[in-house]
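Take a look at the structure set out below.
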Amino acid sequence: MKRILLTLFSLLLLAPATADEGMWLPSLISHRIGDMRAKGFRLTADDIYSVNKASMKDAVVLFDGGCTGELVSAEGLLLTNHHCGYDAIQSHSTLEHDYLTRGFWARSRDEELPNKNLNVRFLVRMEEVTDRMAAGETADEIVRKAEAEGKGYKAAVEQMYYGNQQFLFLYEQFDDVRLVAAPPSSIGKFGGDTDNWIWPRHTGDFSVFRVYAGPDNKPAAYSPDNVPYRPRRHFTVSTRGVGEGDFTMIYGFPGNTQQYILSDVVKYIAETSDPMKIAIRTGRLDIIAEAQESDPALRIYYAAKHATIANAWKKWQGEVLGINRLGTYDKKLRTEARFAEATGDAEVLEELRKEFARALPYYYTRELLAETLLTLAYGYAEEEKADPLFAKREPTERALYRQAFGEYAARNNLLPAIPEIEAGIGQYGSPEAYADHIFGLAVNDPANGEIAALKTAVGKLHAEIVGRLGTRSLRNFNSARMNELYARYVEGLRRWAAAEKREGAMFPDANLTLRVAYGTVAGYEYADGEYHKPLTTLDGIIAKDNPAIYDYDIPQSLRDLHASKAYGRWGVEIGGRRTVPVCFLATNHTTGGNSGSPILNARGELVGINFDRTWRSTMSDIEFDPAICRNIAVDIRYVLMVIDRIGGAGYLLDEMTLR
Ligand code: ARG
Ligand code: GLU
């Protein structure tokens, strides 16, 4: 009786990977295919991933090492997000050719623009090597052997479940990737930071590239003689569109999740880490925003910096809100108690708690350094100072120094302060006065020994912390020892799940390896009466349009198009009016790195490009809530319409397979 009660109880508490939760390994997707088909998917596991025949995985790439992209033509045409192609677009932009502002449309293959340091990776195959490693082979040996197969593939061994499983991944990397098209930022970045992580959303967040290969269709360094790559597979594009309740699948490279962390770590994130980082970034953003409002040149100069700081800042606010709303900490505590009872391994949890308590001051101080002293340049190059803009920037840069030193001094309460800084603060009277002094040196005398000594001192503390944690990774709230303990804990969780016939229910945390997530197009009710519909349209863009607000100032061509309603084949009838779909919501479990991922319908056809989540669902990195967690995609019909009607680049559609 006790057992049965326990089992039921723990099922309720743990309930892992029900609903649309999960980021699944493509080579093991056969475990999920029954559930996928029950939810409407029409294809097979082999269609998603196969080593022997062309499959969907051959049309998905890791784009620029941190985003996802998808092939949409037999001639290497690739779609990703505007924010993923941003660096490339920016690098080709000049005052005369401002592609960021005006957009870029190559009129022929000759006009496609090569990019230094931009590559894409296709997954050739993945295979489990847990047994080989158990038999004594090292990851390095496995990688070396795989790469020695020839063909120039890049190999990597990645851990799943904290090392309980090891997989070898073989990639084919292409380094000649050219910019084909980008909408103006007023479409590709419409809504800017104001709308970032927000629904309703109207961002046309896409850009177009082409993968080039040598004449043998193999990877080659850039050469004018290279030819468009002929992929094994490209996605058919659906022009039929999506509706609420439709099956969706996302195929991409999610970067990092923390589904199995200890309750203490959840508490640390929600009560200490995120609030600290949010508060410090609020200060930085205020300083930068003030500068931006004071001068149009500064607004542009600080735009990218502001966007980068604001992105995680907003995400963390949603994460704290979500963790508290779900009661994730209490749930984890209860799960841990059940785990200890069911498996008898209370010790692993005790050890984890002890180790986390030991690591916490180091972890916290490292995060604090990363948000304060490590954000400063400690010197400005002569050419930077020669720029007339520098004089305008100086008060802002100085304020950022003062803020960084002030926050470090105020919040560094777990480890001894850096002696050089303590002495400096003592000598000058306050962290801010000392920051003024250092800033003065950074501007006028960057070679000064005092600057060098300070940099060395900060570096020394950082190195010591890394040593104490035994890991360089700031991603997973852990130490080397915690990693070992997590391996045992997560293995216990999996055995426990298996004993209760919940096997296959636990997915390995995201780690920038290729994953499948599936769900449906769906709105959500955040609170009583607060329902969000899953689809937005061009009418919403027009409603937001305001030439006086930078983030909402759309191109005249889009206004004209709306006024004429000459949408042609891209127009749809919604609620009795003619409009164009723009973005949609779905329940797919995604995270950073899924930007640019293809979102596919039940037939595996492309219906959109993923680019965001709602800010109030970002706790899904730790706990997924099927009721409110939603990813945001740009509707492929809007992408096609912008290419066709705004870019006048309809010839690009001719090489796609539209259905
Ligand atoms: N929130 C999205 C992501 O995490 C988009 C970020 C880029 N857009 C922006 N307005 N900053 O990458
Ligand atoms: N914009 C994110 C990215 O670059 C995706 C949003 C998310 O975190 O889900 O990957």
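Against the conditions (1) more than 15 Å from ligand 1 (Cβ to nearest atom); (2) more than 29 Å from residue 233 (Cβ to Cβ); (3) surrounded by fewer than 24 Cβ atoms within 10 Å (Cβ to Cβ); (4) at pLDDT 95 or above, where does residue 574 fall short? Just the number, please.
Looking at each condition in turn, residue 574 falls short on (4).
Please report, ordered by residue number, the helices (runs of 4 or more DSSP H) entirely within region 119-230 with at least 1 residues that are farther than 30 Å from residue 533 by Cα, away from ligand 2 (no atom under 16 Å from the Cβ) and of a type in the set (A, V, I, L, M, F, W, C). Full working, then the answer.
Values: elements: 130-134, 139-147, 185-188, 192-195.
Once the helices (runs of 4 or more DSSP H) in region 119-230 are filtered for at least 1 residues that are farther than 30 Å from residue 533 by Cα, away from ligand 2 (no atom under 16 Å from the Cβ) and of a type in the set (A, V, I, L, M, F, W, C), what remains is 130-134, 139-147.
Which condition number in (1) under 28 Å from the mean Cα position of the chain (by Cα); (2) in a loop (DSSP other than H, G, I, E, B) is the one that residue 546 fails?
(1)
Which pairs have Cβ atoms under 7 Å, sit 6 or more apart or on different chains, and link a residue in region 55-77 that is more than 18 Å from residue 125 (Cβ to Cβ) and open to solvent by less than 10 Å² (accessible area, probe 1.4 Å) to one that is assigned to a strand (DSSP E or B) and among the basic types (Lys, Arg)?
These pairs meet every condition: 76/210; 77/210.
Among the residues that make up region 360-367, is at least one of them within 24 Å of residue 410 (Cα to Cα) and among the polar types (S, T, N, Q)?
Residues of region 360-367 within 24 Å of residue 410 (Cα to Cα): 360-367.
After this cut, where a residue has to be among the polar types (S, T, N, Q) as well, the list is 365.
There is at least one residue in region 360-367 that is within 24 Å of residue 410 (Cα to Cα) and among the polar types (S, T, N, Q).
All but one of (1) within 16 Å of residue 522 (Cβ to Cβ); (2) of a type outside the set (A, V, I, L, M); (3) open to solvent by 10 Å² or more (accessible area, probe 1.4 Å) hold for residue 564, so report the exception by its number.
For residue 564, the exception is condition (1).
List every residue pair whose Cβ atoms lie under 6 Å apart, where the two residues are 6 or more positions apart in sequence or sit on different chains, the first residue falls within region 256-267 and is in contact (Cβ under 8 Å) with a residue 60 or more places away in the chain, and the second residue, located anywhere, is polar (S, T, N, Q) and open to solvent by less than 30 Å² (accessible area, probe 1.4 Å).
257/591; 266/328
Out of curiosity, is residue 608 more than 30 Å from residue 476 (Cα to Cα), open to solvent by less than 10 Å² (accessible area, probe 1.4 Å) and either within 16 Å of ligand 2 (Cβ to nearest atom) or out of contact with any strand residue (DSSP E or B) (no Cβ under 9 Å at 6 or more places or on another chain) (or both)?
Working: more than 30 Å from residue 476 (Cα to Cα): yes; open to solvent by less than 10 Å² (accessible area, probe 1.4 Å): yes; either within 16 Å of ligand 2 (Cβ to nearest atom) or out of contact with any strand residue (DSSP E or B) (no Cβ under 9 Å at 6 or more places or on another chain) (or both): yes.
Criteria met by residue 608.
Restricting attention to region 628-656, which residues are within 16 Å of ligand 2 (Cβ to nearest atom), open to solvent by 10 Å² or more (accessible area, probe 1.4 Å) and under 15 Å from residue 239 (Cα atoms)?
The initial filter retains those residues of region 628-656 that are within 16 Å of ligand 2 (Cβ to nearest atom), namely 628-634.
The next check asks that each one be open to solvent by 10 Å² or more (accessible area, probe 1.4 Å); those that pass are 630.
Correct list: empty.
The values are calculated or read from the model by the stated rules, or taken from the named source; none is laboratory data. If you're wondering where the values come from, they're calculated on a predicted model, not measured in any experiment. No Cβ is skipped: glycine too gets one built from the backbone with ideal geometry, and neighbour counts run over all protein chains shown. SASA here: full protein model, heavy atoms, side chains in, ligands and nucleic acids out. Shrake-Rupley method; radii C 1.70, N 1.55, O 1.52, S 1.80 Å.
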